[in-house]
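Structure record follows, encoded as structure tokens.
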Amino acid sequence: MGNFIRLLCLSLLIAALPNVLQAAASIHCKGDYFLYSDEKSYIYGAGNITLKSADVLIKGDVLYLDVNSLRGVVYGAVSVKKGKEKKTCQALFFTAFPIKLLYETFSDKVIKEGSKELNDILKKYAPKELKNLELYFEFREFRIDKYKKIKAKTIIPYIVGLPTVPIKSFTIKRGNTPEKTMVYFKNLNVFGLEGLAVTFLLRLRGKFIKGDFDVKLYEKKLLGIDDGSKRGILFSGSSDLLAKKKSFLNFSTLLNTGDKSYNLSFNHRRDFKHFNYSLSQTVSGREKMPAFFQFVSNFTVKKILFLGPTFSFTHNLKQSYSYGVSTPVYLLKKVGLNMSWSRKIIKENYNSDTEDFSTSMNFNTSIAAFSTNYNFSKNMLDAAIRQNFSANVRLSTLNFLDKNVTIDLSTFYMFSAIPSGRESINRTSPGVNGVMASKGALLPFGFTLAPSFSFNHIWDSSEENFTDFNYQLALEKKMGKFKASLAYALASRYRSKNFYVEGSNTQNLNVNLELINPARYSFYLRFYWNNELALENISLSGKVNLPAGFVFSTLALYYKDGSRLQTLELFLEKKIMHNAKLQGGYSLALKRFFVKVVSF
Amino acid sequence: MAQLPYLETPYVAELSFFKKIENVGGELEKEKFADERIKSPFFFLLEIRELENSGELAVSFYDKEGKRVKRKVFSFGEDGQYYEYILFFDSVAGLTAGKYRYTIFLNDRLIYGAFFDITE
């Protein structure tokens, strides 16, 4: 009852929204039944359909109308009166603004007359597809204009499939939003991240301002979403302050009354022929947390000889700040080269003063891709220096046996020098990676065998070496609706240091049995053998489609160790929306019966 | 509000194509095309909802030039009976690869049509 009252209030709220758009040229439609889906922006109509526009009158049996493209079709015993001209056909394809018609009749041949470009490319939604959505309307009469505004009469709005209050007349689609200051209903969302949410758009249009803000009223607790905030208002969007019709200050905002958080940002940017600059101030915070301020500025010279430097300065309105310069280097066309220098000073809970120099380079050839990075960082407080260098060469994929076997090889070199007291610890790590994979080979009796193999080796400072091997083998056989597969994985890790070698192997084995008939049932049975190749667990999942859209599902997980049934769930479920389903059943893990709505 | 809208007109709920459809004890066993591309021969499955009384349903196939190449006719129902839905299916063979169009006539009135492709 409580939910019904909430939906009732919501319906009245929607119905009370002002109608501010005046229709331009429009099409007036009447019939026994129309169905409009807000999400698909689509109308289906049936029974004694009439469409009237200026000097055109169309009568027929069935209507499909895509509101976004303003294209539609009328089927049945179609009659068209255009001025003094009268015609009949069985399918009439049309565009609404301007009105263009294609008449078709079907016998041994398709006979076409009229605008031939209006071919039957229209997507047609069945009523049950349109009803499977969060918000739809049933009505008997509507008017649509070229801005796609739809005003209907004798309406029942359905929210989450539930009928709400019948309405005599209502604008069910606002259409293209006019360029003027206004507030209007934007959409209704159920089962989203914010639970049940109704969103209004606040549009500001004036000589000195241009902006759009969303005002979202959300209710989480009603739908069982428990993430701290039960309900609230989310205000978000951005706006520009204008001078001579150009933006000189942009501000964006995010205010949430639910978790009492805010984020405000002011941005100013100018672009000139040879340079541009930007200034930005951000303020953000949350209840019981200190506010965070940050000022960021950038100045970029578009090109000086072979450089395009950007100077930046950042300040957090306390005592921490940073400044620096970075630039691409346009020396060689195919080589991407970047250099940057910056200094960062932090004076908050701790003090820090660092100077960084970085450079990176990359280029591609037909046989390999090369990339390098170098970073030099100096701590200005204790003069400690940290350095990192890396180089990577990745060869292009090698294909064999008509791409059935592929080999990928890459090699890398890393160097780091990290300060430790008065010393510096240097470390070099060259390495190589390789992956060989196969799509599989067909064996006798319909078996498929797909092996894959990968290795990587690292020489760590020439003292300690690491080598990994990974091997996988999959064997599969399909027999109608039944599929059996066996997957074996072996991972070997070796570490050699000075004169001794450590090594370990891990392996596992899976056997999967699947029985699938997509329209009726699906069952998966999995056996898992652990590193000692001893059976560890067995899992089963299954679904059976029942009449009236119900599905019977089961999940079970059995551990051999201790002979215990870890999980057993038996439940019925029914899809109630395109993104939500109702579940009810028994869970052994929870040791109770349950009924819940889950979104997916 | 005695004039509230109510859908009581037959409509096409679904039309889909399969490699094979068999009626096994009143249940339809459907086999999909492996890559979901329609190849000849094929089966079509049509679901019409909100039907009353007896009638005739015709599914016609037209080639790219608009010439009818196949027509399948079904008689259904009994007078005085209401059917929430009826499933119609049949096989179509002998069509070469290309673009085709189908139309669905219910009691001589066109209620639906669309294009589809047959691949090699």
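The values are calculated or read from the model by the stated rules, or taken from the named source; none is laboratory data. Here the structure is a predicted model, which means the values were calculated and not measured. Here Cβ is always computed from backbone atoms with ideal geometry, including for glycine, and neighbour counts include all displayed protein chains. Only protein heavy atoms, including side chains, enter the accessible area calculation; ligands, DNA and RNA are left aside. Shrake-Rupley method; radii C 1.70, N 1.55, O 1.52, S 1.80 Å.
Can you name the number of the only condition in (1) modelled with pLDDT of 80 or more; (2) assigned by TED's automatic domain parsing to the domain that holds A:Leu254; (3) not in a strand (DSSP E or B) that A:Val165 fails?
Tallying (1) modelled with pLDDT of 80 or more; (2) assigned by TED's automatic domain parsing to the domain that holds A:Leu254; (3) not in a strand (DSSP E or B), A:Val165 fails exactly one: (2).
Exactly one condition in (1) assigned to a strand (DSSP E or B); (2) farther than 21 Å from A:Ser261 by Cα is false for A:Lys207; which is it?
(1)
Which one of these is open to solvent by less than 10 Å² (accessible area, probe 1.4 Å), facing another protein chain (nearest Cβ under 9 Å) and aliphatic (A, V, I, L, M): A:Val78, A:Val56?
Being open to solvent by less than 10 Å² (accessible area, probe 1.4 Å), facing another protein chain (nearest Cβ under 9 Å) and aliphatic (A, V, I, L, M) holds for just one of A:Val78, A:Val56, which is A:Val78.
Strands (runs of 3 or more DSSP E) wholly in region A:263-373 with at least 1 residues that are basic (Lys, Arg) - which ones?
Where strands (runs of 3 or more DSSP E) fall fully within region A:263-373 and carry at least 1 residues being basic (Lys, Arg), they are A:275-286, A:336-347.
Every residue in region A:219-246 that is open to solvent by less than 60 Å² (accessible area, probe 1.4 Å) and assigned to a loop (DSSP other than H, G, I, E, B), please.
A:Lys220, A:Ile225, A:Ser229
Output the residues belonging to region B:24-51 that are open to solvent by 90 Å² or more (accessible area, probe 1.4 Å) and away from chain A (no Cβ under 13 Å).
B:Arg37
Only one of these conditions is not met by A:Asp32: (1) more than 14 Å from every other protein chain (Cβ to nearest Cβ); (2) open to solvent by 10 Å² or more (accessible area, probe 1.4 Å). Which number is it?
Unmet condition: (1).
Taking only region A:550-566 into account, find how many residues are in contact with a strand residue (DSSP E or B) (Cβ under 6 Å, 6 or more places away or on another chain) and open to solvent by 50 Å² or more (accessible area, probe 1.4 Å).
Here the count works out to 8.
Residues that are free of Cβ contacts under 8 Å to residues at least 12 places away in the same chain and either more than 13 Å from the chain's Cα centre (by Cα) or in a loop (DSSP other than H, G, I, E, B) (or both): does region B:74-91 have at least one?
No, that holds for no residue.
Within region B:94-120, count every residue that is in contact with a Phe, Trp or Tyr (Cβ under 8 Å, 6 or more places away or on another chain) and away from chain A (no Cβ under 14 Å).
Counting residues in region B:94-120 that are in contact with a Phe, Trp or Tyr (Cβ under 8 Å, 6 or more places away or on another chain) and away from chain A (no Cβ under 14 Å) gives 2.
Specify the residue that is surrounded by the fewest Cβ atoms within 10 Å (Cβ to Cβ); the eligible residues are those in region B:1-17 that are more than 26 Å from A:Lys168 (Cβ to Cβ) and facing chain A (nearest Cβ under 10 Å).
B:Glu14
Could you please find all residues in region A:307-351 being polar (S, T, N, Q), surrounded by fewer than 16 Cβ atoms within 10 Å (Cβ to Cβ) and at pLDDT below 90?
Answer for region A:307-351, where residues must be polar (S, T, N, Q), surrounded by fewer than 16 Cβ atoms within 10 Å (Cβ to Cβ) and at pLDDT below 90: A:Gln319, A:Asn349, A:Asn351.
Does B:Glu56 meet the test of being in a strand (DSSP E or B), within 13 Å of chain A (Cβ to nearest Cβ) and charged (D, E, K, R)?
no
Suppose the filter is in a strand (DSSP E or B) and either under 27 Å from the mean Cα position of the chain (by Cα) or surrounded by fewer than 16 Cβ atoms within 10 Å (Cβ to Cβ) (or both); does A:Tyr125 pass it?
no
Out of all the residues in region A:130-158, which are away from chain B (no Cβ under 14 Å) and within 16 Å of A:Gly47 (Cβ to Cβ)?
Scanning region A:130-158 gives no hits.
Please count how many residues of region A:88-122 are open to solvent by 50 Å² or more (accessible area, probe 1.4 Å) and either more than 9 Å from chain B (Cβ to nearest Cβ) or assigned to a strand (DSSP E or B) (or both).
10
Going by the conditions given, is A:Val165 over 17 Å from A:Tyr33 (Cα atoms) and surrounded by fewer than 17 Cβ atoms within 10 Å (Cβ to Cβ)?
So A:Val165 passes the test.
For region A:136-146: of the residues being within 34 Å of the chain's Cα centre (by Cα) and buried (at least 20 other Cβ atoms within 10 Å of the Cβ), which is farthest from B:Leu7 (Cα to Cα)?
A:Asp145
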